[in-house]
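Engineer: Have a look at the structure that comes next, please.
No lab work stands behind these numbers, since they all come straight from the coordinates. Note that the structure is predicted; figures quoted are calculated from it, not measured. A quick note on method: Cβ atoms are made from the backbone with ideal geometry, for glycine too, and the neighbour counts reach across all protein chains shown.
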Amino acid sequence: MAWLLPLTVVACIVIAAVLLRVGAPDFSLVRGLNYLAISAGRMPPHAPSHPWLLIAAFALPVNAILATPILFGEEFGWRGYLQLRLFPDRPLRSAIVTGVIWGVWHYPLLLRGYDFPRNRLAGLIVFPVTTILLSIIFGWLRLKTGSIWSAALAHSATNAIGMALSLLLFSGDGSLLFVSYLGILGWLPLGTFSAWIVLGGRLDPTNNGMV
């Protein structure tokens, strides 16, 4: 779940973007690869003959695993320390407040256009909502497994699979405020999963259903 949930979330974003006509995904990934290369000041790369097999099915999931130790430090701070101590008897409130702090922590990057370059100010509102939902999910993973490594893997997969794949699909078309993994359309699957966790009492460490 920690590793491959982003694939399901991106699939939901793609479906919602098409139905609501807020973005047109390029399944060849050529547009996204060219856009990201040009944005970085590089020459557009030669598109692989089987981009989904090479990138989505292999490179991104492998990168998520390899980057997990890098994200361990951040998750140790958020889920391993802060979220456990803010409101120890109110896990949902703790997840919400941790998510807000986590989102505001990224404000300097957002103001520089890191995630929503065309909607920097709106991103200051959208981003914390997403980090609240992710705090609920990551907190549940840590509780369910008893290990901060599951949250670190989930965080890494969010970046290496969810963010990367949504950028490859939508860069150069549509508003990232909606179609990014951290954007508004991402609230639909992430919010649904978070509701399942919260309404089932799955954030409560005393819930026997967690065992």
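Engineer: Using Cα pairs closer than 8 Å and at least 6 residues apart in sequence, work out the relative contact order for the chain, in percent.
Structural biologist: Answer for the chain is 33 percent.
Engineer: Further, regarding this structure: How many angstrom lie between the Cα centre of the range 86-120 and the Cα centre of the range 167-197?
Structural biologist: Answer, in whole Å: 16.
Engineer: If you take every residue apart from residue 107 with its C-beta less than 12 Å away from the C-beta of residue 107, what net charge results, scoring Lys and Arg +1 and Asp and Glu -1?
Structural biologist: +1
Engineer: So how do 199, 188 line up by other beta-carbon neighbours within 10 Å, fewest first?
Structural biologist: Listing 199, 188 from fewest to most nearby Cβ atoms yields 199, 188.
Engineer: Which FRET efficiency value, to the nearest 0.05, is calculated for residue 173 and residue 101 with the Förster distance at 35 angstrom and r the Cβ-Cβ distance?
Structural biologist: Once rounded, the FRET efficiency stands at 0.60.
Engineer: Moving to a separate point now. Connecting C-alpha atoms closer than 10 Å in a GNM of the chain, tell me which of 192, 68, 98 has the biggest fluctuation.
Structural biologist: For the chain, modelled as a Gaussian network with Cα springs under 10 Å, the answer is 192.
Engineer: Sticking to Cα atoms, compute the Rg of the chain to one decimal and its Dmax as the biggest Cα-Cα distance, whole number, in Å.
Structural biologist: Considering the chain through its Cα atoms, Rg and Dmax are 17.2, 55 Å.
Engineer: Can I ask one more? What's the exposure ranking of 14, 100, going from fewest to most Cβ atoms within 10 Å?
Structural biologist: Ascending Cβ contact count within 10 Å gives the list 100, 14.
Engineer: Grab the other residues whose beta carbon is less than 12 angstrom from that of residue 140, score K and R as +1, D and E as -1, and report the net.
Structural biologist: With Lys, Arg at +1 and Asp, Glu at -1, the net is +3.
Engineer: Of 183, 172, 139, which is the most mobile in a GNM of the chain whose springs link Cα atoms less than 10 angstrom apart?
Structural biologist: 172
Engineer: Give me the Kirkwood hydrodynamic radius of the range 138-211 in Å, from all C-alpha pairs, to one decimal place?
Structural biologist: 13.7
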